[in-house]
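Each remark here refers to the structure printed beneath this line.
Computed from the coordinates by the stated procedures, all read-outs in this text should not be read as laboratory data. Everything numeric here is computed off the predicted structure, so don't read it as measured data. Cβ atoms come from the backbone with ideal geometry, glycine included; neighbour counts cover every protein chain shown.
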Amino acid sequence: DQQVKQNSPSLSVQEGRISILNCDYTNSMFDYFLWYKKYPAEGPTFLISISSIKDKNEDGRFTVFLNKSAKHLSLHIVPSQPGDSAVYFCAASVSGGYQKVTFGIGTKLQVIP
Amino acid sequence: EAGVAQSPRYKIIEKRQSVAFWCNPISGHATLYWYQQILGQGPKLLIQFQNNGVVDDSQLPKDRFSAERLKGVDSTLKIQPAKLEDSAVYLCASSPQAGTSEKLFFGSGTQLSVL
């Protein structure tokens, strides 16, 4: 049972354009969402997060939008840069108690110069 | 600040052999996680420690996998005996404290190939 779904395995975007990565979740108990970025041969690194009390969180070129009614979140990268080429994982957890973070399968982003 | 350290970086073994992975979390981090990432999939939690106690091992194949966290710091994950389907990257992560929605800090992982 995949509780966090990333339905696009890959995405190609021209440098300077917007990249939009999507994520859906099925567990309505999830109230904290994170995006991680992973380069080859490295562990994932935290990128940005959002709590369910918000519908948007921004950090520089990265913005995460959360639509709780649709159980959907998206990561926007504007403008996209070649160094953004990586695998992006969406993750979700239930805050409080012993937090268990559940990951999606990832979307591979390629930014073309 | 030093990151999460893992060793070895790569390991190749034959099926039915044993293997062990080591993790040193970020100093002061109470929570330690072991994730398994099979090629083409997202990381799957195997076991989560809070200090030196296990708080979640529901997805750990306990007939062959074991893990311990000595004195609430370093941790080892062991597979005995290994199967072909255990080929994956084993990621260790740590966070300051569970239950506060803290982000996880990952090591570079150990890539295991079982032949």
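Quick rundown of the values:
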item: Matching option when the condition is surrounded by fewer than 15 Cβ atoms within 10 Å (Cβ to Cβ) and either within 10 Å of the chain's Cα centre (by Cα) or outside any strand (DSSP E or B) (or both), among A:Ser74, A:Ser69, A:Ser95; result: A:Ser69
item: Members of the stretch A:1-56 that are touching a helix residue (DSSP H, G or I) at 6+ places or on another chain (Cβ under 9 Å) and either at positive phi or surrounded by fewer than 16 Cβ atoms within 10 Å (Cβ to Cβ) (or both); result: A:Glu15
item: Pairs with Cβ under 7 Å, 6+ apart, first in the stretch A:58-81 and over 18 Å from A:Arg17 (Cβ atoms), second surrounded by fewer than 17 Cβ atoms within 10 Å (Cβ to Cβ) and among the β-branched types (Val, Ile, Thr); result: A:Lys71/A:Thr26
item: Test result for B:Asp56, of a type in the set (Asp, Glu) and touching a Phe, Trp or Tyr at 6+ places or on another chain (Cβ under 8 Å); result: yes
item: From the options B:Ser108, B:Ser94, residue that is hydroxyl-bearing (Ser, Thr, Tyr), within 14 Å of chain A (Cβ to nearest Cβ), in contact with a His (Cβ under 6 Å, 6 or more places away or on another chain) and on the phi < 0 side of the Ramachandran plot; result: B:Ser94
item: All strands (runs of 3 or more DSSP E) inside the stretch A:12-60 with 1 or more residues being among the charged types (D, E, K, R) and within 11 Å of another protein chain (Cβ to nearest Cβ); result: A:32-38
item: Selection within the stretch A:7-26 - closer than 14 Å to A:Cys90 by Cα and in contact (Cβ under 8 Å) with a residue 40 or more places away in the chain; result: A:Ser8, A:Pro9, A:Ser10, A:Ile20, A:Leu21, A:Asn22, A:Cys23, A:Asp24, A:Tyr25, A:Thr26
item: Test result for B:Gln37, within 26 Å of A:Thr107 (Cα to Cα), touching a Lys or Arg at 6+ places or on another chain (Cβ under 8 Å) and surrounded by fewer than 16 Cβ atoms within 10 Å (Cβ to Cβ); result: no
item: Failed condition for B:Lys103, given (1) basic (Lys, Arg); (2) loosely packed, with under 15 Cβ neighbours inside 10 Å; (3) within 11 Å of chain A (Cβ to nearest Cβ); result: (2)
item: Any hit, the stretch A:60-76, residues being under 19 Å from B:Leu45 (Cα atoms) and of a type in the set (Ser, Thr, Tyr); result: no
